[in-house]
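Here's the structure, in structure tokens; my notes come after.
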């Protein structure tokens, strides 16, 4: 069964780190009798190519010099930069429609899988209407919140895109609820995941300071500033160090917050690190924390895949009780959930994890079993095969 994936951005070469979870999923396709093709925009004139062994069909939509609406940053952020980028989505849609017709005339596919339906649902409609192909649409949540916050006149478009699709999929129950607010359609919940090494034994934290680890892009909705604030509420007798791995527009603000509270020696902000350094950080962590919030734009965590990564290293996890995090963390069973924007609650949860060995053992083992049961690629791909076969 051949599936054409329609996506906003796709790696431009083997070293390009874009949508790694999608690459990981497509690598598992052959073992499940599936074959993938990619339909995605060009980047500064880039043409069709093969990346990670996958045929990538790229459509042109503007002059080469300015053909960068995607890839380097999110399209909504890029559109804020100038009037040119504000009108460029019109050319993007026209170029995509023309490009898709060419691809579908030249290649045989059994179904189309639309990612990020704004505006790609239009491409799905063309495949359905003119080529008779069934359409699956995946919602990630960010597009729903963007429309709700900034483009409410497009709510009807998203509702139509859900009703137009043969099957609708959300990455979390939270996102599924957001879809149902717009359209009365059945919604399947299928998360994405990470590569899960088998039968690995992970070392426990070394003697000395206990490491509180957080890994994320440093943006407002990750809530890292509340994790820094939580440190002053931890018991004095706890010897801790907070490692915040990642980079983003909030990094300088976080550094200033740490210095203002005289926490410079207890916090490190190394930015992004190598894969081996990240693995070492997980191995030495005593607890992993993702204190996500609903930010000033109304956005929040769609899933929280870094939590899965921590679980796979058998690191106990703490997360905010919101968004897709609640699909991963079951309070007191696979980790601890805390209210958003509450440093005192965060401090209490961290203290429990660091001082209660029975609780640590319970939640880490529970998390690891849930990870293998609900978030393995084999289980996820089986569900996708069922979806594709049903249409």
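No lab work stands behind these numbers, since they all come straight from the coordinates. The model shown is predicted, which means the values in this text are computed figures rather than measured ones. Here Cβ is always computed from backbone atoms with ideal geometry, including for glycine, and neighbour counts include all displayed protein chains.
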Looking at the P(r) of the range 4-92, how many percent of alpha-carbon pairs lie beyond 22 Å?
29 percent
Using mean projected area of the Cα convex hull in nm² as the read-out, say which of [x] 24.2; [y] 19.2; [z] 20.3 was calculated from these coordinates.
[y]
Which of the three applies to the range 210-374, rounded, prolate or oblate, going by the alpha-carbon gyration tensor with a ≥ b ≥ c and a/c under 1.5 meaning rounded?
rounded
Can you work out the FRET efficiency for the pair residue 151 and residue 296, with r the C-beta to C-beta distance and R0 = 25 Å, to the nearest 0.05?
0.90
Ranked highest first by average number of other Cβ atoms within 10 Å, how do 214-223, 301-310 line up?
301-310, 214-223
What order, most packed first, do the peptides 279-286, 18-25 have when packing is the mean number of other Cβ atoms within 10 Å of each residue?
279-286, 18-25
Note: residue 386 to residue 276 extended length (0.36 nm per residue) minus current alpha-carbon separation gives 36.0 nm
Stretch residue 256-residue 344 to full length: gain in nm at 0.36 nm per residue minus the Cα-Cα span?
29.6 nm
Have a look at the DSSP beta bridges in the chain and tell me what percent are antiparallel, nearest 5.
5 percent
Nearest-0.05 FRET efficiency for residue 27 and residue 83, computed from C-beta distance (R0 35 Å):
0.30
